[in-house]
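This report concerns only the one structure given below.
The values are calculated or read from the model by the stated rules, or taken from the named source; none is laboratory data. Since we're looking at a predicted model, the values are computed, not measured. Using ideal geometry, Cβ is built from the backbone for each residue, glycine included, and neighbour counts are taken over all protein chains shown. SASA here: full protein model, heavy atoms, side chains in, ligands and nucleic acids out. Shrake-Rupley method; radii C 1.70, N 1.55, O 1.52, S 1.80 Å.
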Amino acid sequence: RKYTWKIRPSARVEAIYTEQGFVNSSAEIKDQSASVGIVLNTSPFYAEAGGQVGDLGLLTNEDGEELMKVKVVQVFAGYVLHVGPMPVNCAVGDEVFCEVDYEHRSKVAPNHTMTHVLNWALREVLGEGLDQRGSLVTADRLRFDFSYEGSSGVSVADLEKVETLVQKTVDTGLPVTSKEVALADAQAIYGLRAMAGEAYPDPVRVVTVGSPIEEVLQTPGAERWRSQSVEFCGGTHIATTSEAKHFVLLEEKGIAKGVRRIFAATGAVAETALEEAQRMEERMKELDTSNVEEDALMALQKDLDSLLLPAVPKARLRDRLGELRKQLKKT
């Protein structure tokens, strides 16, 4: 059920867990400020896993009256725990209704799908030998860690190529499909991306961006599958890449020897970053055509440091600012 959107299923309360242990009813909880974990017999909530944050939402009664805000969803000892403030009038055996915050999920999902596309695009631009080392997907942005031996990091030119490839995928509106596949069959797909050293279940869920997974499985050894994203993944995704709307790389940096980290964003966050970059470029053009003053350069530098801007135009703006400083020193 966690991969189905826009549903409000009922579920039965199987257990109520507090810091003091299990209770049969919320009436037994003395601390009114306590966080409580509820286990249900079935759940449409996505639990935090694979670098993706969990769903948010509500547990309600049949009439829609709120029983508990679900603020964290995690797997604990094999059970999905719905965590939030102490619920109102809730007991083991009660029927509750699950209301996932799909608006929140709709911001997380494009970031997750574009993490897959970013992984593919990095390999396309930087070549083989690049492996994922971790990721974090939230409603605001995505973070992707990968192995890379370049001593000075990824060049601005290569970052631009990667960003262009991902945005082209967004603009094309490619379908995103998934299916549980026998592990051996999935591992036979040419160009498959998977976390190095990760143990995967059998069967494993495969997510493709482009040709549908059913088509891929018909000829798994075809080299053309390398030209699209194919990954093992248990997360939630958009139905088509166009739902991401925009994609920008926000930052690239080293975090350990041979490991780089990229921050990126989609949707409204990416759009805002692009608009800020446009405004900054216009301010820079105004400086180019006027008598440059130190105060104006300092103000521009301050904004460059503080504003959320795409990495590529930000790097070029920094270079241009450096040139203007040199000009100012000559005068």
Would you please give the FRET efficiency between Glu323 and Asp101, computed as 1/(1 + (r/R0)^6) with r the Cβ-Cβ distance and R0 = 51 Å, to the nearest 0.05? 0.60
Using DSSP to call loops (not H, G, I, E or B), can you name the GluC sites (Glu not before Pro) in region 192-253 whose Cβ has at most 16 other Cβ atoms within 10 angstrom? Glu198
Most to least accessible of Leu165, Leu130 (protein chains only, probe 1.4 Å): Leu165, Leu130
Around Ser242, under 12 Å between beta carbons, what's the net of Lys plus Arg minus Asp minus Glu among the other residues? 0
With each pseudo-label sitting 7 Å past Cα toward Cβ, what's the Asp202-Asp140 distance in nm, one decimal? 4.2
What is the distance, in nm, between label points placed 7 Å from the Cα along the Cα-to-Cβ direction at Glu282 and at Glu223? 4.9
What does the helix-only formula give at 222 nm for the chain: each DSSP H stretch with n ≥ 4 adding -39500 (n - 2.57), the total divided by the residues, and the result rounded to the nearest 500 deg cm²/dmol? -10500 deg cm²/dmol
For the chain, what are the DSSP H helices with axial Cα length of 20 Å or more and mean Kyte-Doolittle hydropathy of at least -1.0? 102-126, 156-172, 267-288
Net lengthening on full extension, Thr172/Lys69 (0.36 nm per residue, minus Cα-Cα): 33.3 nm
Extended-chain gain in nm, criterion 0.36 nm per residue less alpha-carbon gap, Asp305 and Glu251: 18.2 nm
Across region 176-181, in residue order, what do the Karplus-derived ³J(HN,Hα) couplings come to in whole Hz, using 6.51 cos²θ - 1.76 cosθ + 1.60 with θ = phi - 60° and x for Gly and Pro? 10, 10, 8, 6, 7, 10
Provide the per-residue ³J(HN,Hα) series for region 25-33, in order, calculated from phi with Karplus coefficients 6.51, -1.76, 1.60 and θ = phi - 60°, each as a whole number of Hz, with x at glycine and proline positions. 8, 5, 5, 7, 7, 7, 7, 5, 9
Using the C-alpha gyration tensor of the chain, what are the square roots of 5 times its eigenvalues, in whole angstrom, with the largest one first? 42, 28, 17
Region 194-329: Kirkwood hydrodynamic radius (Cα pairs, Å) comes out at 18.7
Most fluctuating residue of Gln187, Gln52, Gln278 in a GNM of the chain with Cα springs under 10 Å: which is it? Gln278
Which distance in nm do the two modelled labels at Ala34 and Glu62 give, with both placed 7 Å along the Cα-to-Cβ direction? 2.9
Identify, among Ile262, Ala77, Val92, the residue whose Cα sits farthest towards the positive end of the charge dipole of the chain, taking +1 on the Cβ of Lys and Arg and -1 on the Cβ of Asp and Glu, with the dipole about the Cα centre. Ile262
Between Ile7 and Gln187, 0.36 nm times their residue separation minus their Cα-Cα distance comes to what? 61.5 nm
Excluding residues fewer than 8 positions from Lys179 in its own chain, the lysines with Cα under 29 Å of it are Lys2, Lys6, Lys71, Lys107, Lys168, Lys245
